[in-house]
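First the structure, in the form of structure tokens, and then the observations on it.
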Amino acid sequence: MAETAIELKGISKSFGAVHANRNIDLKIEAGTIHGVIGENGAGKSTLMSILYGFYQADRGRIHVGGKKAAINTPSDAIALGIGMVHQHFMLVQNFSVLENVILGAEGEALLNTSIARARSELERLERDYGLEVDPDSIIEDLPVGLQQRVEILKALYRGADILILDEPTGVLTPAEADHLFRILEQLKEEGKTIILITHKLREIMAITDNVSVMRQGTMVATRRTAETSVEELAELMVGRRVLLQVEKGEAKPGEVLLSVRNLTVKDSRGVTMVDNVSLDVRAGEIVGIAGVAGNGQSQLLDAITGVRRAVSGTVTLGGEPVDLTGAADPADLRARGMAHVPEDRHHVGLVLPFEENENAMLGYHRQAKYLNGPFLNIEAIRADAREKIEKYDIRPPDCRLKTANFSGGNQQKIVLAREMEQDPKVLIVGQPTRGVDVGAIEFIHKRLIDMRDQGKAVLLVSVELDEIRSLSDRILVMFAGRVVGERGPEASEGELGLLMAGVEEKEAAE
Amino acid sequence: MSAPYAKLPAWADYGLIPLINLAVAFLVAGLVVMLVGENPFRAAAILVEGALGRGQNIAYTLYYATSFIFTGLAVAVAFHCSLFNIGGEGQAYVGGLGVAVVCLAFDSILPWWLVFPLAIVGAALFGAAWAFIPAYFQAKRGSHIVITTIMFNFIAASLMVYLLVNVLKPAGAQAPQTRNFLEGGQLPKLNWVLEAMGFSIRSAPFNLSFLLALLAAFLVWVLIWRTRLGYEIRMRGFSPKAARYAGVSETKIIIITMLISGALAGMMALNPVMGDQNRLQIDFVTGAGFVGIAVALMGRSHPAGIVPAAILFGMLYQGGAELAFEMPNISRDMIVIIQGLVILFAGALEHMFRPSIQALFASLSPRSAGIEAQQGEGG
Ligand SMILES: Nc1ncnc2c1ncn2[C@@H]1O[C@H](COP(=O)(O)OP(=O)(O)OP(=O)(O)O)[C@@H](O)[C@H]1O
Ligand SMILES: [Mg+2]
């Protein structure tokens with residue numbers, strides 16, 4: 001039996017009426033990768049935050065390396081060799097990598113000497129663990145994958161032996177995720193202990209040694225990964241059998257409901273992000289846009305929905321074409337029957353400091369049912385929010401709770417509920433299942449298929465190729481801002497992969 | 001992500017922490033008083049006595065508070081849209097022009113209760129107009145509103161001097177001020193309310209605009225939390241990107257918010273101009289626009305916090321004046337220092353004692369120590 005790195009005993013934690021953690025026991029073996037899974041709101045992040053000293057448990061004990069530990073603040077955790085990479089990075093955007101790494105651990109008063117020392121230490125870490133990043137590049141210029149590496153370096157620089165990663169792959173492309181896993185393997189070989197939270201059971205199977213499952217604040221099981229299966233884990237998480245495969249019938253496409261013509265979008269520096277794209281989506285079909293993140297999909301969605309100004313292009317939702325170059329008004333597009341689930345729910349789709357009910361009408365707040373003349377109809381707004389909470393099983397079911405206090409997956413459900421319940425003609429969805437648990441993925445996928453079967457036009461963008469393939473009736477592949485190919489859902493992963501990598505259409509077809 | 005602060009019970013959050021901050025501010029102020037060789041306890045006694053000791057003093061305190069409620073509300077409304085309106089001073093000054101124009105035109109033909117609503121409109125219109133220009137530049141050109149509103153304070157000051165000296169001053173008069181308003185341009189005093197409560201008052205400028213200030217506080221609450229417009233203002237204040245997504249025009253919401261903010265600042269002029277001096281004179285705002293920033297900070301941009309914060313600053317103004325009078329070593333500037341300390345501890349360093357108080361609460365009863373959002377970057 002291996003040594004125990006961390007042992008949690010009887011940890012409980014409540015937020016008001018919500019029992020985020022109830023009497024949790026967990027043992028993590030040293031030198032292993034230990035997965036923690038569970039539905040949205042199961043209490044994973046809360047548990048890890050307790051271990052990292054962000055929250056204090058109401059009850060329970062923590063043992064680190066066999067000794068009882070008092071972890072009241074993150075600095076206590078760091079002193080015990082615990083490091084954490086958060087779901088949302090905590091880097092200073094306009095600082096360099098090096099400055100971010102030493103931030104808060106500067107050492108002496110004289111910055112010069114400590115910077116020099118930090119640089120050589122950082123270089124050693126980068127060499128030892130294959131975590132190459134240029135210490136002098138500025139964070140905001142780095143892609144997310146590299147930013148995450150900086151977070152890991154930060155933890156290692158502080159001498160972490162135990163590394164907690166909260167949903168590290170949610171924001172990564174598959175290739176970046178693979179690279180991350182190689183790094184984690186290497187850290188494990190060096191004797192580090194890793195706790196990995198993720199919703200992707202595939203990742204759990206691929207990389208962990210043990211896996212613990214949480215459900216509604218309790219720890220329901222711990223398994224050796226080698227002795228379990230995706231199906232068993234999904235069932236443990238949700239408490240019932242989960243359909244991991246999407247079930248859908250034939251599409252019956254009707255008239256064209258959404259039609260985009262000659263759309264070109266440039267970013268703030270004038271680089272062309274979307275290059276003369278035209279596409280149609282018919283009633284009763286789901287069109288998926290596949291592509292490696294950063295090939296213009298986000299800008300495409302933003303421009304079509306009027307959130308971002310285009311250089312040229314129009315969108316037609318039945319009736320008059322709407323010019324996207326001027327001040328295309330998202331409110332106007334919404335009134336014409338377009339609903340939009342944005343990729344970035346934190347900054348765009350939700351106002352996190354708002355109460356849940358205030359977000360449940362965001363963008364639709366001009367509708368008469370929410371208003372009494374110029375006044376908000378608070379009763380109606382809350383009743384409407386409660387209805388959606390009920391229908392979409394948003395937890396905790398409290399429409400007065402601050403939106404920031406919902407778990408990531410439940411925040412996503414708030415947005416989905418709002419957009420889908422408007423009965424739109426056209427639904428535009430970006431990354432609908434990012435950070436969402438298997439049960440909720442099943443639910444969201446089912447709802448998207450329902451929307452299709454009700455005769456809506458659905459345009460779906462996702463970096464999850466599996467998701468695109470299982471939901472779409474037609475797949476458009478984007479590369480470098482252009483649509484480089486169209487395929488049916490039967491197209492193989494390899495073929496799509498080649499298109500996504502920019503291999504010419506003809507070659508890919510061979 | 002929000003700072004990892006534990007949540008405190010509401011009474012500690014809104015009562016205990018501000019009280020501790022105030023106590024510390026006075027402690028440090030006490031040290032300053034000691035430094036100039038006066039007895040801080042006696043100074044404190046004089047200050048409180050001077051602010052609340054007699055009916056007379058209370059009336060003065062409330063008179064000052066009236067102005068601060070208006071300017072505090074003005075700053076707070078802009079805050080909710082994450083705009084920092086530092087131009088309350090200038091907007092109030094120009095608002096005074098609106099009051100004067102109405103009073104000079106109608107004071108001989110209408111009774112005060114007909115002139116009053118017109119003067120309210122005049123004050124609000126002129127204050128809003130003065131806020132419009134910086135708002136327009138912010139919304140259309142991205143010129144930072146902090147800079148432009150500060151500049152507009154100076155422009156307002158020069159403009160008003162020019163108008164008072166060259167246009168509004170009656171021919172032959174010495175002082176740069178308008179003629180005195182007739183009865184129709186004078187607001188009734190509210191001193192009788194205090195007298196009815198058993199206080200005696202010789203003469204004090206406490207007037208009807210105090211009630212208007214309270215009404216404005218209530219209306220601001222309605223606006224921000226109960227109307228569609230307020231919802232959009234808060235939306236843009238928290239997240240411009242989400243507001244764009246929701247189809248709220250950034251240009252429009254910035255301009256409307258600043259118009260409301262400027263109107264509130266302008267209405268402050270009613271209190272001194274129509275309620276007390278009964279004429280428009282130079283520099284009648286005397287810093288109330290800036291105090292409004294402190295009041296809004298201390299009152300957390302909520303009307304229910306702004307009213308008491310404004311009264312507190314009214315006490316500091318009135319009690320401070322008495323203190324400067326009673327203690328020769330303490331000059332007017334010292335009072336400003338004390339006010340500055342209150343702003344420092346209650347506003348800027350608001351969170352200084354929070355972690356330790358939270359730790360204390362956590363150790364007393366672990367269950368009450370929840371925490372701010374851990375997910376997301378809301379804070
Ligand atoms: N500060 C808070 N105030 C109130 N409730 C909270 C707070 N933080 C978390 N919660 C609640 O505690 C529960 C557990 O949340 P937690 O973030 O730990 O879930 P999670 O398992 O990490 O979910 P996800 O997979 O969606 O990230 C949720 O119901 C959440 O709404
Ligand atoms: Mg989480």
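Contact list please: Cβ distance under 6 Å, first residue in the stretch A:196-214 and within 14 Å of chain B (Cβ to nearest Cβ) and in contact (Cβ under 8 Å) with a residue 60 or more places away in the chain, second residue within 16 Å of ligand 2 (Cβ to nearest atom) and in a helix (DSSP H, G or I), pairs at least six apart or on different chains.
A:Ile197/A:Lys44
So which of B:Ile306, B:Ile293, B:Ile253, B:Ile233 is buried (at least 19 other Cβ atoms within 10 Å of the Cβ), over 21 Å from B:Val146 (Cα atoms) and not small (Gly, Ala, Ser)?
B:Ile306
What number of residues within the stretch B:232-250 are more than 10 Å from chain A (Cβ to nearest Cβ), modelled with pLDDT of 95 or more and farther than 17 Å from B:Leu73 by Cα?
Residues that pass the stated criteria total 0.
Quick one: is A:Glu176 within 17 Å of A:Leu131 (Cα to Cα), more than 16 Å from ligand 1 (Cβ to nearest atom) and not polar (S, T, N, Q)?
Spelling it out, A:Glu176 is indeed within 17 Å of A:Leu131 (Cα to Cα), more than 16 Å from ligand 1 (Cβ to nearest atom) and not polar (S, T, N, Q).
Identify, from the list B:Gly287, B:Gly237, B:Gly247, B:Gly230, the residue that is small (Gly, Ala, Ser) and touching a strand residue (DSSP E or B) at 6+ places or on another chain (Cβ under 9 Å).
B:Gly230
Would you kindly identify the strands (runs of 3 or more DSSP E) lying entirely within the stretch A:1-119 that contain at least 3 residues that are in contact (Cβ under 8 Å) with a residue 60 or more places away in the chain and among the small types (Gly, Ala, Ser)?
Hits in the stretch A:1-119: none.
When the stretch A:1-32 is examined, which residues are found to be within 16 Å of A:Lys68 (Cβ to Cβ) and within 14 Å of chain B (Cβ to nearest Cβ)?
A:Gly10, A:Ile11
Kindly establish whether B:Ile253 is out of contact with any Phe, Trp or Tyr (no Cβ under 6 Å at 6 or more places or on another chain), away from chain A (no Cβ under 13 Å) and of a type in the set (A, V, I, L, M, F, W, C).
No.
Pull up the stretch A:40-59, narrow it to residues that are near ligand 1 (Cβ under 6 Å from one of its atoms) and of a type in the set (S, T, N, Q), then point me to the one that is surrounded by the most Cβ atoms within 10 Å (Cβ to Cβ).
Within the stretch A:40-59, the match that is surrounded by the most Cβ atoms within 10 Å (Cβ to Cβ) is A:Thr46.
Only one of B:Ile337, B:Ile371 is at pLDDT 75 or above and either within 13 Å of chain A (Cβ to nearest Cβ) or out of contact with any Lys or Arg (no Cβ under 8 Å at 6 or more places or on another chain) (or both); which?
The match here is B:Ile337.
May I ask you to list the residues in the stretch B:320-334 that are in contact with a helix residue (DSSP H, G or I) (Cβ under 7 Å, 6 or more places away or on another chain), modelled with pLDDT of 80 or more and of a type outside the set (A, V, I, L, M)?
Across the stretch B:320-334, the qualifying residues are B:Gly320, B:Glu322, B:Glu326, B:Ser331.
Tally time: how many residues in the stretch A:161-192 are away from ligand 2 (no atom under 16 Å from the Cβ), outside any helix (DSSP H, G or I) and modelled with pLDDT of 90 or more?
Counting residues in the stretch A:161-192 that are away from ligand 2 (no atom under 16 Å from the Cβ), outside any helix (DSSP H, G or I) and modelled with pLDDT of 90 or more gives 5.
Of the conditions (1) part of a loop (DSSP other than H, G, I, E, B); (2) within 13 Å of another protein chain (Cβ to nearest Cβ), A:Ile381 fails just one. Which one is it?
(1)
Find the residue count for the stretch A:414-447, including only residues that are modelled with pLDDT of 90 or more, within 12 Å of ligand 1 (Cβ to nearest atom) and surrounded by fewer than 23 Cβ atoms within 10 Å (Cβ to Cβ).
Final tally of qualifying residues: 0.
Would you confirm, using the coordinates I've provided, whether A:Ala17 is under 22 Å from A:Arg223 (Cβ atoms), surrounded by fewer than 20 Cβ atoms within 10 Å (Cβ to Cβ) and among the small types (Gly, Ala, Ser)?
Here the answer is no, as A:Ala17 does not meet what is asked.
Can you tell me which residue in the stretch A:146-171 is nearest to the chain's Cα centre (by Cα), limited to those that are away from ligand 1 (no atom under 16 Å from the Cβ) and either within 14 Å of another protein chain (Cβ to nearest Cβ) or within 24 Å of A:Ser407 (Cβ to Cβ) (or both)?
Only one residue tops the list, namely A:Gln148.
Considering only residues of the stretch A:337-356 that are in contact (Cβ under 8 Å) with a residue 60 or more places away in the chain and under 15 Å from B:Gly247 (Cα atoms), which is surrounded by the most Cβ atoms within 10 Å (Cβ to Cβ)?
A:Leu350
Of all residues in the stretch A:340-369, count the ones that are more than 8 Å from every other protein chain (Cβ to nearest Cβ) and outside any loop (DSSP other than H, G, I, E, B).
Summing the residues that are more than 8 Å from every other protein chain (Cβ to nearest Cβ) and outside any loop (DSSP other than H, G, I, E, B) in the stretch A:340-369 gives 8.
Does A:Ile62 satisfy the condition of being within 16 Å of ligand 2 (Cβ to nearest atom) and more than 13 Å from chain B (Cβ to nearest Cβ)?
no
From the residues in the stretch A:402-445 that are charged (D, E, K, R), farther than 18 Å from A:Arg202 by Cα and in contact (Cβ under 8 Å) with a residue 24 or more places away in the chain, which one is nearest to the other protein chains (Cβ to nearest Cβ)?
Checking each candidate, the answer is A:Lys402.
Quick check on my filter: what residues within the stretch A:231-288 are within 30 Å of A:Arg202 (Cβ to Cβ) and polar (S, T, N, Q)?
Of everything in the stretch A:231-288, just one residue is within 30 Å of A:Arg202 (Cβ to Cβ) and polar (S, T, N, Q), namely A:Gln245.
Inspect the stretch A:260-271 for any residue being in a loop (DSSP other than H, G, I, E, B) and touching a residue at least 40 places away in the same chain (Cβ under 8 Å) and give the result as yes or no.
no
The values are calculated or read from the model by the stated rules, or taken from the named source; none is laboratory data. Because the structure is predicted, anything quoted here is derived from the model rather than measured. A quick note on method: Cβ atoms are made from the backbone with ideal geometry, for glycine too, and the neighbour counts reach across all protein chains shown.
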